[in-house]
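Q: What follows is a single structure, and I will ask about it in a moment.
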Amino acid sequence: MDEADRQLLRRCRVRLVSELQVAELWDALLSRELFTRDMIEDIQQAGSGSRRDQARQLVTDLETRGRQALPLFISCLEDTGQGTLASLLQSGRQAAKQDPEAVKPLDHLVPVVLGPMGLTAKEQRVVKLEPSQPAVGNLTPVVLGPEELWPARLKPEVLRPETPRPVDIGSGGAHDVCVPGKIRGHADMAYTLDSDPCGHCLIINNVNFCPSSGLGTRTGSNLDRDKLEHRFRWLRFMVEVKNDLTAKKMVTALMEMAHRNHRALDCFVVVILSHGCQASHLQFPGAVYGTDGCSVSIEKIVNIFNGSGCPSLGGKPKLFFIQACGGEQKDHGFEVACTSSQGRTLDSDSEPDAVPYQEGPRPLDQLDAVSSLPTPSDILVSYSTFPGFVSWRDKKSGSWYIETLDGILEQWARSEDLQSLLLRVANAVSEKGTYKQIPGCFNFLRKKLFFKTS
């Protein structure tokens, strides 16, 4: 779907959700091959299953259905007697063609400087502190956290800027395990992972895709699978591996795991190794492909394990590690002073987990985040790459992200919390290759998480 159609659909979203008669559309959508039957079943199960929830999901998914999605949708509206909505969209498309400036992509928006009224960018100036005003270095230090973690005395040198505590986010260097040790035992600051085994870990590894999907074999992914299977067993998880699943079987495997009783366990992990793409979303970006070429959104995967879908995991950390492309852009990076000799150039064995660009079935979609939804708690989704960019995998050694994640867990999981570990992963991966890649995460954990390693 091109940018003009996408912007039009979003402008009309509220009215479409309010007035759309979805029950009359299913046959028309199937006959025009705009959606498959499985996709329609997913839409019908969206939210509470109400007409409004189905309409909202239909409009969201429509953006992923190719360049001809909107004109085909308009035809479906006309065929089902919803001419008012069809005319609304058709007139909007015609107006956009006559005046392209009426629909501008987000990257053409004019920046606005916020501040006190009357203060423009030209009037911005340096304000000198009066002698009576304290300089930043003279501010009284404030220590947050439980009292037992405070220093014995708040000496000036403790928090003075010129004597920072050494911090290393690379593969080695100084670190302090004393404070993490104290935090581990503090229930208000760290999750309790006392059960043995700690929890279930499900690894879905898609390597071989059907020819009609247009997706290549993910050579090297079995190395990633074996590394993480070994690593999470070492971290005291019960690991189950599923290979080469269609989209529907992926959802089935995840739902079967959600229906288990996790009350005696303390944590849960999902690892997905597959091709991926961008997708419209409400909470979590991106989607991964089943071996049949059909996609499953990360949002859907995560929501299978929410409070209503899996109540026995309520209040417990749920971790999702996604090795897949977030889109098709290749990051060339920018020049900085050399800080490491660990970078390596791409060779013939490096390839992205991206989807080949096609005119119709799987276009590159813009993000469509809605901030008004409630934020899920106790969830962390770690992506191998920034949304919109490719994720690199070496045919001989596996993906950059998984190879690095495994090494960081082996070296640092005994002493550091998960967020610190992922910072190390991001730093190490960002130094690799001619094309660049940086992992990231959506972190809705309420506490620090230290893995069980003994």
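Q: Mind listing just one residue for me: the one in segment 306-326 that is modelled with pLDDT under 95 and buried (at least 24 other Cβ atoms within 10 Å of the Cβ) and, of those, nearest to Arg225 (Cα to Cα)?
A: It comes out as Gln323.
Q: Quick one: in segment 16-61, which of the residues that are polar (S, T, N, Q) and touching a helix residue (DSSP H, G or I) at 6+ places or on another chain (Cβ under 7 Å) is least open to solvent (accessible area, probe 1.4 Å)?
A: The qualifying residue least open to solvent (accessible area, probe 1.4 Å) is Gln54.
Q: Then there is this: Please verify whether Ala264 is among the small types (Gly, Ala, Ser) and either at pLDDT 90 or above or more than 30 Å from Ser308 (Cβ to Cβ) (or both), treating the condition exactly as stated.
A: Against the criterion (among the small types (Gly, Ala, Ser) and either at pLDDT 90 or above or more than 30 Å from Ser308 (Cβ to Cβ) (or both)), Ala264 qualifies.
Q: Looking at Ala96 and the list (1) open to solvent by 40 Å² or more (accessible area, probe 1.4 Å); (2) of a type in the set (A, V, I, L, M, F, W, C); (3) assigned to a helix (DSSP H, G or I); (4) at pLDDT below 85, which single condition is not satisfied?
A: Every condition holds for Ala96 apart from (1).
Q: Name the single residue, out of those in segment 388-404 being touching a strand residue (DSSP E or B) at 6+ places or on another chain (Cβ under 8 Å) and part of a loop (DSSP other than H, G, I, E, B), that is modelled with the highest pLDDT.
A: The extreme case among them is Lys395.
Q: So, Arg236, is that one modelled with pLDDT of 95 or more, surrounded by 21 or more Cβ atoms within 10 Å (Cβ to Cβ) and among the charged types (D, E, K, R) or not?
A: no
Q: Need a quick list: helices (runs of 4 or more DSSP H) entirely within segment 1-85 having at least 1 residues that are free of Cβ contacts under 8 Å to residues at least 40 places away in the same chain and either assigned by the TED database to the domain that holds Ala279 or under 27 Å from the mean Cα position of the chain (by Cα) (or both).
A: Working: elements: 3-11, 13-19, 26-31, 37-44, 51-62, 69-79.
Where helices (runs of 4 or more DSSP H) fall fully within segment 1-85 and carry at least 1 residues being free of Cβ contacts under 8 Å to residues at least 40 places away in the same chain and either assigned by the TED database to the domain that holds Ala279 or under 27 Å from the mean Cα position of the chain (by Cα) (or both), they are 13-19, 37-44, 51-62.
Q: Which is part of a strand (DSSP E or B), modelled with pLDDT of 90 or more, assigned by the TED database to the domain that holds Ile203 and of a type in the set (A, V, I, L, M), of Val381, Val425?
A: Val381
The values are calculated or read from the model by the stated rules, or taken from the named source; none is laboratory data. Given the structure is predicted, the values throughout are model-derived calculations rather than measurements. Heads up, the Cβs are rebuilt from the backbone with ideal geometry, glycines too, and the neighbour counts pull from every protein chain shown. Note: areas computed on protein heavy atoms with side chains; ligands, DNA, RNA excluded. Shrake-Rupley method; radii C 1.70, N 1.55, O 1.52, S 1.80 Å.
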